[in-house]
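The values are calculated or read from the model by the stated rules, or taken from the named source; none is laboratory data. Please read all numbers here as calculations on a predicted model, not as lab measurements. Please note: Cβ atoms are built from the backbone with ideal geometry, for glycine as well, and neighbour counts cover all protein chains shown. Note: accessible area is taken over every heavy atom of the protein model, side chains too, but ligands, DNA and RNA are not part of it. Shrake-Rupley method; radii C 1.70, N 1.55, O 1.52, S 1.80 Å.
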Amino acid sequence: MRFLTAGESHGPQLTGIIEGLPAQLPLSAEDINPWLRKRQGGYGRGRRMVIETDTVEFMSGVRAGRTTGAPVTLVIRNTDYRNWSEIMDPAPGNEPRKKALTAARPGHADLSGGMKYGHKDLRDVLERASARETAMRVAVGAVAHKLLGAFGVRSAAYVPGMAGVWSERAFDWSLLEQIEASPVRMTDPSAEAEVIGRIDAAKAAGNTLGGIIEARFQGVVPGLGSQMHWERKLDGRIAQMAMSIPAVKGVEIGAGFENAMKPGSEVHDAIYWEAGRGYYRQTNRAGGTEGGMTTGEELVVRAALKPIATLMTPLPTVDVVSHTPADAARERSDTTAVPAASVILEALVGIVLAQAYLEKFGGDTLEELVERVERYKARVLAY
């Protein structure tokens, strides 16, 4: 399964093309739109989330509520484009354009992208670097999760800590409703209240906040990925996808960073076997992967999200046209997007898993795939 996205933050639309989906996968806009609503939610979001109400349209590859096996084309319209059509007009001329950005924001792609591509109006960089791009990747991820659901995989996303506050209540699958109802997607109401207060204070100060996001997957078969070649190692592919989320600066699977400071006897998960259950672990410090492959245990992926780079009380920078000191540009932005980023992480890791299932099991139709997955599960159970 391959996919490509296109579009700018203030362009007319975001577009995604998915190639390699099996035929006969039930698929409708309502399999995707709830994911887009969750991505737009969370305490601390800015005015753009009020302007946009993201919904997806199918342009190809889906007919009568089922995939046909052809490439699936998805579109999300940018409502705000009506206010930016002159600025984003692809026709030549009319330069310098309104809302040109020349004061590079520290922590953003502005300066590096400007130097790389030779742009002096840094809007040519930020429009694609914007996290707005993740709306389409979440839509692609929602399609991937629809496929994973046919294999018995379920997932969750939450925020274990943000704004300097850690939840005191460990994740449990019984807490899913509480997480979905939480404006910051946390398991601990007292931590939630403290975080909301810190978000309000940061907004008043023109500052931004980061945090830790986590995605979990149950029901994943063992053996996805491979130890044979570096680019086929599933944990590496997951880490690359997670790091592609704007503002993510660190990724771990299981207790990765914590494990690095402990002796091996306190890190590795002992293996057991039981008739009718097969192989299992009583602990899951590895987070569901060993040697670049899934183990069959719960897959746990964490990422560290730095504070958003656009500050309403800007940091010092340099104007790339005049080379004189300046205050960093201020684009409309969020105080924090940590809760939404957890949804993005869940969606994108789902893409990697769906790709791995399709690589391993193949098949032109959903029925073929499900049959092959079930046969594999039976073989693994008897191993």
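The table that follows gives values for the structure above.
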quantity	calculated
Cleavage-rule hits (GluC sites (Glu not before Pro)) in the stretch 34-110: DSSP loop, at most 16 neighbouring Cβ within 10 angstrom	Glu86
Ser265 - accessible surface, heavy atoms, 1.4 Å probe, Å² rounded to 10	100 Å²
Solvent-accessible area of Thr365 with every protein chain in place, 1.4 Å probe, in Å² to the nearest 10	40 Å²
Coil-residue GluC sites (Glu not before Pro) of the stretch 144-206, DSSP, other Cβ within 10 Å capped at 12	Glu168
Cα-only Debye scattering, the chain: base-10 log of I(q)/I(0) at q = 0.06, 0.08, 0.10 Å⁻¹	-0.25, -0.45, -0.70
The stretch 1-144 shape via C-alpha gyration tensor axes, a/c threshold 1.5	prolate
Rounded accessible area per residue of the chain, 1.4 Å, Å²	47 Å²
Of the DSSP H helices in the chain, those whose Cα atoms cover at least 20 Å axially and whose Kyte score averages 0.5 or more	134-150, 338-361
Ranking by accessible area, most exposed first, for Arg47, Arg137, Arg285 with a 1.4 Å probe	Arg47, Arg285, Arg137
Summed side-chain charge close to Val373 - residues other than Val373 whose Cβ falls under 12 Å, Lys, Arg +1, Asp, Glu -1	+1
Fraction of accessible area attributable to carbon and sulfur, the chain (%, probe 1.4 Å)	53 percent
Segment Lys116-Ala204, extension gain: residue separation times 0.36 nm, minus the distance between their alpha carbons	28.2 nm
Value at 222 nm in deg cm²/dmol, rounded to 500, when DSSP H runs of n ≥ 4 in the chain each add -39,500 (n - 2.57)	-9500 deg cm²/dmol
The chain: most fluctuating residue of Met115, Met186, Met312 per GNM, C-alpha cutoff 10 Å	Met115
Contour excess over end-to-end distance, with Cα ends at Glu168 and Trp273 and 0.36 nm allotted per residue	34.5 nm
